[in-house]
1. Hey, what did the chain get for relative contact order, percent, Cα under 8 Å, at least 6 apart?
2. Might you tell me the accessible area per residue for the range 1-111, computed with a 1.4 Å probe and given in Å²?
3. Near Gln278, within a Cβ-to-Cβ distance under 13 Å, what is the net charge of the other residues, with Lys and Arg +1 and Asp and Glu -1?
4. Under 11 Å from the Cβ of Ser41, count the other residues' Cβ atoms, weight Lys and Arg +1, Asp and Glu -1, and hand me the total.
5. Are there trypsin sites (Lys or Arg not before Pro) in the range 147-214 that DSSP puts in a loop and that have at most 16 other Cβ atoms within 10 Å, and which ones?
6. Let me check something: with ligands and nucleic acids excluded, how do Ile4, Ile147 order by accessible area (1.4 Å probe), largest to smallest?
7. Separation between the Val96 and Ala289 pseudo-spin-labels, each 7 Å from Cα along Cα→Cβ, expressed in nm?
8. So if a site counts as exposed when it's one of the GluC sites (Glu not before Pro), its DSSP state isn't H, G, I, E or B, and it has at most 15 other Cβ atoms within 10 Å, what's the longest stretch of the chain without one?
Amino acid sequence: MQEILDELVSGMRQEPDWGEVANYIPELGSIPLRQFAIAISTPDGRLFSAGDADTPFSIQSVSKVFTLAIALGRVGDQLWHRVGREPSGNAFNSIVLLENEKGRPRNPFINAGAIVTTDEILAGRTPGQALAEIVQFIRAAADDTEIHINKAVARSETANGNRNFALAHFLASYDNLKNPPEMVLGTYFHQCAIEMTVRQLARAGRFLVNAQGSPTIISRERARRICALMMTCGHYNGSGEFAFQVGLPGKSGVGGGILAVVPGVASIAVWSPGLNAQGNSLLGTKALAQLARRMGWSVF
Ligand code: GLN
(Lines give C-alpha, C1' and ligand atoms only; values in the text may rest on other atoms or scores of the structure.)
Protein backbone atom coordinates (compact mmCIF):
# COMPACT_ATOMS: atom_id res chain seq x y z
CA MET A 1 0.00 0.00 0.00
CA GLN A 2 2.81 2.39 0.96
CA GLU A 3 4.53 1.76 -2.38
CA ILE A 4 1.35 2.46 -4.30
CA LEU A 5 0.86 5.75 -2.46
CA ASP A 6 4.47 6.83 -3.02
CA GLU A 7 4.12 6.10 -6.72
CA LEU A 8 0.84 7.96 -6.86
CA VAL A 9 2.45 11.03 -5.28
CA SER A 10 5.40 11.08 -7.67
CA GLY A 11 2.97 10.76 -10.58
CA MET A 12 0.93 13.67 -9.28
CA ARG A 13 4.00 15.86 -8.82
CA GLN A 14 4.62 15.54 -12.57
CA GLU A 15 1.12 16.63 -13.57
CA PRO A 16 1.18 19.81 -15.69
CA ASP A 17 -2.17 21.22 -14.49
CA TRP A 18 -2.71 21.76 -10.77
CA GLY A 19 -5.98 23.74 -11.06
CA GLU A 20 -6.54 27.00 -9.20
CA VAL A 21 -6.71 27.69 -5.47
CA ALA A 22 -9.95 29.14 -4.13
CA ASN A 23 -9.59 32.90 -4.11
CA TYR A 24 -12.77 34.15 -2.44
CA ILE A 25 -10.86 34.75 0.80
CA PRO A 26 -7.19 35.80 1.07
CA GLU A 27 -6.38 33.00 3.58
CA LEU A 28 -7.18 30.35 0.96
CA GLY A 29 -5.98 32.40 -2.02
CA SER A 30 -2.44 32.61 -0.65
CA ILE A 31 -1.94 28.85 -0.18
CA PRO A 32 0.88 27.49 -2.40
CA LEU A 33 -0.68 25.57 -5.27
CA ARG A 34 1.77 22.72 -5.71
CA GLN A 35 0.92 20.62 -2.67
CA PHE A 36 -0.47 17.11 -2.64
CA ALA A 37 -1.16 14.58 0.09
CA ILE A 38 -3.00 11.31 0.49
CA ALA A 39 -3.77 9.06 3.45
CA ILE A 40 -5.61 5.77 3.81
CA SER A 41 -6.95 4.47 7.08
CA THR A 42 -8.13 0.89 7.45
CA PRO A 43 -10.86 -0.11 9.92
CA ASP A 44 -8.33 -1.79 12.22
CA GLY A 45 -6.52 1.53 12.62
CA ARG A 46 -3.59 1.14 10.22
CA LEU A 47 -2.65 4.36 8.49
CA PHE A 48 -0.69 4.87 5.26
CA SER A 49 0.19 8.28 3.88
CA ALA A 50 2.37 10.04 1.33
CA GLY A 51 3.13 13.57 0.14
CA ASP A 52 2.38 16.61 2.31
CA ALA A 53 0.52 14.46 4.79
CA ASP A 54 1.42 16.51 7.89
CA THR A 55 0.30 19.86 6.48
CA PRO A 56 -3.05 20.97 7.92
CA PHE A 57 -5.58 22.40 5.46
CA SER A 58 -8.99 24.00 5.75
CA ILE A 59 -11.55 21.18 5.54
CA GLN A 60 -14.34 23.58 4.46
CA SER A 61 -17.28 21.60 3.06
CA VAL A 62 -15.89 18.24 4.14
CA SER A 63 -17.18 19.40 7.56
CA LYS A 64 -20.72 18.96 6.21
CA VAL A 65 -20.37 15.17 6.51
CA PHE A 66 -19.72 15.48 10.24
CA THR A 67 -22.47 18.02 10.87
CA LEU A 68 -24.93 15.85 8.95
CA ALA A 69 -24.02 12.88 11.18
CA ILE A 70 -24.47 15.03 14.31
CA ALA A 71 -27.80 16.52 13.17
CA LEU A 72 -29.19 13.09 12.22
CA GLY A 73 -28.10 11.83 15.61
CA ARG A 74 -29.98 14.71 17.20
CA VAL A 75 -33.28 14.74 15.29
CA GLY A 76 -33.16 11.66 13.04
CA ASP A 77 -35.46 11.65 10.02
CA GLN A 78 -37.04 14.93 11.13
CA LEU A 79 -34.13 16.64 9.40
CA TRP A 80 -35.55 15.59 6.02
CA HIS A 81 -38.58 17.84 6.54
CA ARG A 82 -36.17 20.75 6.23
CA VAL A 83 -33.68 19.53 3.63
CA GLY A 84 -33.92 17.11 0.69
CA ARG A 85 -31.83 14.21 -0.57
CA GLU A 86 -31.53 14.95 -4.28
CA PRO A 87 -28.52 16.21 -6.21
CA SER A 88 -28.94 19.84 -7.21
CA GLY A 89 -26.95 19.92 -10.45
CA ASN A 90 -25.92 23.42 -9.39
CA ALA A 91 -22.86 25.04 -7.84
CA PHE A 92 -22.33 24.63 -4.08
CA ASN A 93 -23.39 28.20 -3.34
CA SER A 94 -26.25 28.49 -5.85
CA ILE A 95 -29.51 30.12 -4.77
CA VAL A 96 -31.61 29.45 -7.89
CA LEU A 97 -33.54 26.37 -6.72
CA LEU A 98 -34.38 27.76 -3.31
CA GLU A 99 -37.22 30.00 -4.47
CA ASN A 100 -38.86 27.39 -6.70
CA GLU A 101 -38.63 24.82 -3.93
CA LYS A 102 -39.90 27.16 -1.20
CA GLY A 103 -36.79 27.34 0.90
CA ARG A 104 -36.14 23.60 1.27
CA PRO A 105 -32.59 22.99 0.01
CA ARG A 106 -32.04 20.02 -2.29
CA ASN A 107 -29.50 18.25 -0.05
CA PRO A 108 -27.36 18.73 3.08
CA PHE A 109 -24.09 19.18 1.14
CA ILE A 110 -24.86 22.31 -0.87
CA ASN A 111 -24.35 25.43 1.24
CA ALA A 112 -28.07 26.10 1.78
CA GLY A 113 -28.61 22.55 3.04
CA ALA A 114 -25.54 22.66 5.26
CA ILE A 115 -26.70 25.95 6.77
CA VAL A 116 -30.02 24.28 7.71
CA THR A 117 -28.13 21.30 9.16
CA THR A 118 -25.97 23.57 11.31
CA ASP A 119 -29.10 25.45 12.41
CA GLU A 120 -30.48 22.13 13.66
CA ILE A 121 -27.32 21.49 15.69
CA LEU A 122 -27.63 25.00 17.16
CA ALA A 123 -31.16 24.41 18.50
CA GLY A 124 -31.02 24.86 22.27
CA ARG A 125 -27.30 25.66 22.23
CA THR A 126 -25.02 28.66 21.97
CA PRO A 127 -22.73 28.82 18.93
CA GLY A 128 -19.82 28.08 21.28
CA GLN A 129 -21.51 24.91 22.55
CA ALA A 130 -22.49 23.79 19.05
CA LEU A 131 -18.94 24.31 17.78
CA ALA A 132 -17.51 22.49 20.76
CA GLU A 133 -19.78 19.56 19.92
CA ILE A 134 -18.74 19.57 16.25
CA VAL A 135 -15.01 19.74 17.05
CA GLN A 136 -15.44 17.11 19.75
CA PHE A 137 -17.21 14.77 17.32
CA ILE A 138 -14.40 15.11 14.78
CA ARG A 139 -11.68 14.70 17.42
CA ALA A 140 -13.39 11.56 18.73
CA ALA A 141 -13.80 10.18 15.19
CA ALA A 142 -10.13 10.86 14.42
CA ASP A 143 -9.02 9.86 17.91
CA ASP A 144 -6.90 13.01 17.95
CA THR A 145 -7.25 16.03 20.21
CA GLU A 146 -5.00 18.22 18.02
CA ILE A 147 -7.77 19.38 15.67
CA HIS A 148 -8.63 23.08 15.77
CA ILE A 149 -10.54 25.88 14.13
CA ASN A 150 -8.55 28.53 12.25
CA LYS A 151 -10.23 31.70 13.53
CA ALA A 152 -8.68 33.95 10.87
CA VAL A 153 -10.28 31.82 8.13
CA ALA A 154 -13.66 31.97 9.89
CA ARG A 155 -13.40 35.76 10.26
CA SER A 156 -12.51 36.15 6.63
CA GLU A 157 -15.47 33.98 5.56
CA THR A 158 -17.72 36.31 7.54
CA ALA A 159 -16.22 39.39 5.90
CA ASN A 160 -16.70 37.86 2.44
CA GLY A 161 -19.92 36.00 3.10
CA ASN A 162 -22.48 37.92 1.05
CA ARG A 163 -23.63 34.84 -0.84
CA ASN A 164 -24.00 32.72 2.29
CA PHE A 165 -25.82 35.57 4.04
CA ALA A 166 -28.19 35.76 1.06
CA LEU A 167 -28.82 32.01 1.32
CA ALA A 168 -29.41 32.18 5.07
CA HIS A 169 -31.81 35.13 4.85
CA PHE A 170 -33.64 33.39 2.03
CA LEU A 171 -34.03 30.29 4.19
CA ALA A 172 -35.24 32.46 7.07
CA SER A 173 -37.84 34.09 4.82
CA TYR A 174 -39.30 30.61 4.27
CA ASP A 175 -39.20 29.91 8.03
CA ASN A 176 -36.52 27.28 7.50
CA LEU A 177 -34.13 28.69 10.12
CA LYS A 178 -34.77 28.42 13.86
CA ASN A 179 -31.93 30.78 14.80
CA PRO A 180 -30.94 34.21 13.47
CA PRO A 181 -28.99 34.01 10.16
CA GLU A 182 -25.94 35.74 11.70
CA MET A 183 -25.77 33.18 14.49
CA VAL A 184 -26.14 30.20 12.15
CA LEU A 185 -23.54 31.52 9.72
CA GLY A 186 -21.11 32.35 12.53
CA THR A 187 -21.26 28.68 13.49
CA TYR A 188 -21.16 27.45 9.87
CA PHE A 189 -18.11 29.57 9.00
CA HIS A 190 -16.24 28.24 12.03
CA GLN A 191 -17.06 24.60 11.21
CA CYS A 192 -15.74 25.17 7.66
CA ALA A 193 -12.55 26.68 9.14
CA ILE A 194 -11.57 23.49 10.97
CA GLU A 195 -8.06 22.45 9.94
CA MET A 196 -6.87 18.88 9.57
CA THR A 197 -4.13 16.91 7.87
CA VAL A 198 -5.00 14.06 5.48
CA ARG A 199 -3.85 11.65 8.16
CA GLN A 200 -6.34 13.09 10.65
CA LEU A 201 -9.13 13.26 8.06
CA ALA A 202 -8.62 9.67 6.87
CA ARG A 203 -8.84 8.48 10.45
CA ALA A 204 -11.90 10.63 11.11
CA GLY A 205 -13.66 9.04 8.13
CA ARG A 206 -13.44 5.52 9.52
CA PHE A 207 -16.87 5.79 11.15
CA LEU A 208 -18.35 5.69 7.62
CA VAL A 209 -16.48 2.55 6.55
CA ASN A 210 -18.84 0.06 8.21
CA ALA A 211 -16.45 -2.80 8.81
CA GLN A 212 -15.33 -4.96 11.67
CA GLY A 213 -13.09 -2.76 13.79
CA SER A 214 -14.22 0.63 12.47
CA PRO A 215 -15.65 2.93 15.16
CA THR A 216 -19.42 2.80 15.48
CA ILE A 217 -20.19 6.32 16.61
CA ILE A 218 -23.29 6.25 14.40
CA SER A 219 -25.42 3.30 13.33
CA ARG A 220 -24.42 1.25 10.29
CA GLU A 221 -27.60 2.14 8.51
CA ARG A 222 -26.98 5.85 9.02
CA ALA A 223 -23.39 5.55 7.81
CA ARG A 224 -24.64 3.80 4.69
CA ARG A 225 -27.12 6.57 4.03
CA ILE A 226 -24.56 9.33 4.52
CA CYS A 227 -22.35 7.49 2.01
CA ALA A 228 -25.26 7.39 -0.46
CA LEU A 229 -25.60 11.17 -0.19
CA MET A 230 -21.84 11.61 -0.57
CA MET A 231 -22.04 9.63 -3.79
CA THR A 232 -24.99 11.54 -5.25
CA CYS A 233 -24.36 15.04 -3.86
CA GLY A 234 -20.85 15.21 -2.36
CA HIS A 235 -19.29 17.04 -5.30
CA TYR A 236 -22.18 19.39 -6.21
CA ASN A 237 -22.49 19.75 -9.97
CA GLY A 238 -19.42 17.55 -10.31
CA SER A 239 -21.02 14.60 -8.46
CA GLY A 240 -21.90 12.63 -11.59
CA GLU A 241 -18.39 12.99 -12.97
CA PHE A 242 -16.83 12.01 -9.62
CA ALA A 243 -19.00 8.87 -9.46
CA PHE A 244 -18.04 8.11 -13.06
CA GLN A 245 -14.30 8.63 -12.53
CA VAL A 246 -13.84 7.35 -8.98
CA GLY A 247 -16.88 5.18 -8.20
CA LEU A 248 -16.75 5.82 -4.46
CA PRO A 249 -18.72 8.08 -2.09
CA GLY A 250 -16.78 11.28 -1.52
CA LYS A 251 -17.14 14.75 -0.06
CA SER A 252 -15.05 17.65 -1.27
CA GLY A 253 -14.21 21.02 0.21
CA VAL A 254 -13.10 24.24 -1.43
CA GLY A 255 -9.84 24.02 0.57
CA GLY A 256 -8.88 21.16 -1.76
CA GLY A 257 -9.65 18.24 0.55
CA ILE A 258 -11.72 15.17 -0.34
CA LEU A 259 -12.85 12.43 2.04
CA ALA A 260 -13.72 9.21 0.20
CA VAL A 261 -15.01 5.93 1.59
CA VAL A 262 -14.46 2.41 0.32
CA PRO A 263 -17.33 0.70 2.15
CA GLY A 264 -16.12 -2.15 4.30
CA VAL A 265 -12.49 -1.51 3.36
CA ALA A 266 -10.98 1.93 4.04
CA SER A 267 -11.33 5.66 4.49
CA ILE A 268 -9.23 7.85 2.16
CA ALA A 269 -8.34 11.53 2.47
CA VAL A 270 -6.65 13.47 -0.31
CA TRP A 271 -5.65 17.10 -0.44
CA SER A 272 -4.39 19.35 -3.18
CA PRO A 273 -5.52 22.96 -3.02
CA GLY A 274 -5.95 23.53 -6.76
CA LEU A 275 -9.59 23.19 -7.81
CA ASN A 276 -11.40 22.29 -11.02
CA ALA A 277 -14.25 24.33 -12.51
CA GLN A 278 -16.78 22.82 -10.07
CA GLY A 279 -14.70 23.80 -7.02
CA ASN A 280 -13.42 20.27 -6.31
CA SER A 281 -9.74 19.35 -5.95
CA LEU A 282 -8.36 18.69 -9.43
CA LEU A 283 -5.47 16.40 -8.52
CA GLY A 284 -7.33 14.99 -5.53
CA THR A 285 -9.98 13.64 -7.89
CA LYS A 286 -7.41 12.42 -10.36
CA ALA A 287 -5.46 10.59 -7.66
CA LEU A 288 -8.58 8.95 -6.27
CA ALA A 289 -9.54 7.77 -9.75
CA GLN A 290 -6.07 6.23 -10.22
CA LEU A 291 -6.04 4.65 -6.77
CA ALA A 292 -9.52 3.19 -7.17
CA ARG A 293 -8.61 1.68 -10.54
CA ARG A 294 -5.35 0.27 -9.26
CA MET A 295 -6.92 -1.27 -6.14
CA GLY A 296 -10.13 -2.37 -7.86
CA TRP A 297 -12.07 -0.26 -5.36
CA SER A 298 -15.57 0.70 -6.45
CA VAL A 299 -19.07 0.40 -5.07
CA PHE A 300 -20.22 -0.76 -8.50
N1 GLN B 1 -16.96 27.96 3.40
C2 GLN B 1 -17.26 27.69 2.03
C3 GLN B 1 -18.52 28.45 1.64
O4 GLN B 1 -19.43 28.42 2.40
C5 GLN B 1 -17.43 26.21 1.84
C6 GLN B 1 -17.76 25.84 0.42
C7 GLN B 1 -17.06 24.61 -0.06
O8 GLN B 1 -16.14 24.08 0.54
N9 GLN B 1 -17.47 24.16 -1.22
O10 GLN B 1 -18.56 29.08 0.61
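1. On the way: 642 pairs, mean separation 82.1, N = 300.
Once normalised by length, the contact order is 27 percent.
2. On the way: 4960 Å² over 111 residues.
I get 45 Å² per residue for the range 1-111.
3. On the way: positive: none; negative: Glu20, Glu241.
Net local charge, Gln278 excluded: -2.
4. Working: positive: Arg46, Arg199, Arg203, Arg206; negative: Asp44, Asp143.
Surrounding charge for Ser41 is +2.
5. Values: sites: Lys151, Arg155, Arg163, Lys178, Arg199, Arg203, Arg206; in loops: Lys178.
Loop-located and lightly packed - Lys178.
6. Values: Ile4 35, Ile147 0 Å².
I get Ile4, Ile147, largest accessible area first.
7. 2.5 nm
8. Numbers: sites that count: Glu101, Glu146.
Between exposed loop sites, the widest span is 147-300.
The values are calculated or read from the model by the stated rules, or taken from the named source; none is laboratory data. All values reported here derive from a predicted model rather than from experimental measurement. FYI the Cβ positions are ideal-geometry reconstructions off the backbone, even for glycines, and counts take in every protein chain you see. Keep in mind that these areas ignore ligands, DNA and RNA; they rest on the heavy atoms of the full protein, side chains included. Shrake-Rupley method; radii C 1.70, N 1.55, O 1.52, S 1.80 Å.
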